[in-house]
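This report concerns only the one structure given below.
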Amino acid sequence: MNYAIFQFINQFAGQYGWLDGMMVFFARDLVYVMLAILVVLWLSGRSVNQKGVFYGCLSAALAILVAGWIISPIVGHPRPFVEHQVHQLVPHAADPSFPSDHTTFTFAIAFTVWLLLKRRMGAVMLVLACLTGIGRVYVGVHYPADIAGGIILALLASMAVVKYRGYAEPLAKICIGIYNKIASRISFLPVGDRAKVQSQDAN
């Protein structure tokens, strides 16, 4: 079933130039759009947004470490282009494919944003993560099971970080504090809301 679903999606690769271009963007570059959203949230200066970004990055880092250091070496599942003749649109090393790093990373961020920040923003991030996963299959570098595995791992990592975020709260405050100190010296960077209050009190 895994290969059958892969074939159904990958069979369209190479047939329509506009679709190939869009899917290559989804598979390879959409992650940068998500990172840009995180930057905008951080630069909003609101501590709640900055904490959401911090924990989103923490979830992604945790999930990627588990995927790369534990799951991938143990499972060792070859990529589609290693086992089969596929329509491969982007170059990729023949390393283990399960779970998909791109999918794990993007979904970990999206789930954390959805759980901690506005649900609408989280929903947008989840849609972008889904498009990334579909794109990875379309361009021939992942099986659907790689995507599903990445989603499950990302969800578990996000839930763990959100549940136990109190332990990382001091580190989050340090990161936000460092940013506020830098922003207070650079005119075009917005200063965090807490730092503004402290500045007003000092005046």
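The values are calculated or read from the model by the stated rules, or taken from the named source; none is laboratory data. These numbers were taken from a predicted model, which means no experiment stands behind them. Glycine gets a Cβ as well: all are built from the backbone with ideal geometry, and neighbour counts include every protein chain shown. Accessible surface areas use protein heavy atoms only, side chains included; no ligands, DNA or RNA. Shrake-Rupley method; radii C 1.70, N 1.55, O 1.52, S 1.80 Å.
Scanning segment 134-187 for residues that are of a type in the set (Ser, Thr, Tyr) and part of a helix (DSSP H, G or I), we see that the one that is nearest to the chain's Cα centre (by Cα) is Ser158. Within the option set His77, His87, being in contact with a Gly (Cβ under 6 Å, 6 or more places away or on another chain) and either in contact (Cβ under 8 Å) with a residue 40 or more places away in the chain or loosely packed, with under 15 Cβ neighbours inside 10 Å (or both) holds for one residue only, His87. Scanning segment 18-46 for residues that are under 19 Å from Thr103 (Cα atoms) and aromatic (Phe, Trp, Tyr) turns up Phe25, Phe26, Tyr32.
Can Ser97 be described as of a type in the set (Gly, Ala, Ser), in contact with a Gly (Cβ under 6 Å, 6 or more places away or on another chain) and in contact (Cβ under 8 Å) with a residue 40 or more places away in the chain? No; evaluated as a whole, the condition is false for this residue.
Within segment 93-125, the residues that satisfy the criterion of being surrounded by fewer than 17 Cβ atoms within 10 Å (Cβ to Cβ) and not aliphatic (A, V, I, L, M) are Asp95, Lys118, Arg119, Arg120.
Check segment 104-120 and report whether any residue there is under 16 Å from Phe6 (Cβ atoms), among the aliphatic types (A, V, I, L, M) and assigned to a loop (DSSP other than H, G, I, E, B). Looking through segment 104-120, none of the residues is under 16 Å from Phe6 (Cβ atoms), among the aliphatic types (A, V, I, L, M) and assigned to a loop (DSSP other than H, G, I, E, B).
Considered as a group, the residues in segment 75-87 that are outside any helix (DSSP H, G or I) and not small (Gly, Ala, Ser) include one that is nearest to Lys163 (Cα to Cα), and that residue is His77. When Tyr55 is tested against (1) part of a helix (DSSP H, G or I); (2) open to solvent by 60 Å² or more (accessible area, probe 1.4 Å), just one condition goes unmet, and that condition is (2). Taking the criterion of being in a helix (DSSP H, G or I) and open to solvent by 30 Å² or more (accessible area, probe 1.4 Å), the residues of segment 27-46 that qualify are Arg28, Tyr32, Val33, Leu35, Ala36, Ile37, Val39, Val40, Trp42, Leu43. Checking each residue in segment 135-184 for being in contact (Cβ under 8 Å) with a residue 60 or more places away in the chain and touching a Pro at 6+ places or on another chain (Cβ under 9 Å) picks out Val137, Gly140, Val141, His142, Tyr143, Ala145, Asp146, Gly149, Gly150, Leu153, Ala154, Ala183. Exactly one residue among Gln50, Gln15, Gln11, Gln7 is of a type in the set (S, T, N, Q) and surrounded by 20 or more Cβ atoms within 10 Å (Cβ to Cβ), and that residue is Gln50. Please indicate, with yes or no, whether at least one residue in segment 41-61 is farther than 26 Å from Leu115 by Cα, in contact with a Ser or Thr (Cβ under 9 Å, 6 or more places away or on another chain) and either modelled with pLDDT under 95 or of a type in the set (S, T, N, Q) (or both). No, because not a single residue in segment 41-61 is farther than 26 Å from Leu115 by Cα, in contact with a Ser or Thr (Cβ under 9 Å, 6 or more places away or on another chain) and either modelled with pLDDT under 95 or of a type in the set (S, T, N, Q) (or both). The condition (being open to solvent by 30 Å² or more (accessible area, probe 1.4 Å), over 15 Å from Cys175 (Cβ atoms) and modelled with pLDDT of 95 or more) is satisfied by just one residue among Val66, Val24: Val66.
Here are the criteria: (1) under 14 Å from Leu30 (Cβ atoms); (2) in a helix (DSSP H, G or I). Tell me which single one Val90 does not satisfy. Among (1) under 14 Å from Leu30 (Cβ atoms); (2) in a helix (DSSP H, G or I), Val90 violates only (2).
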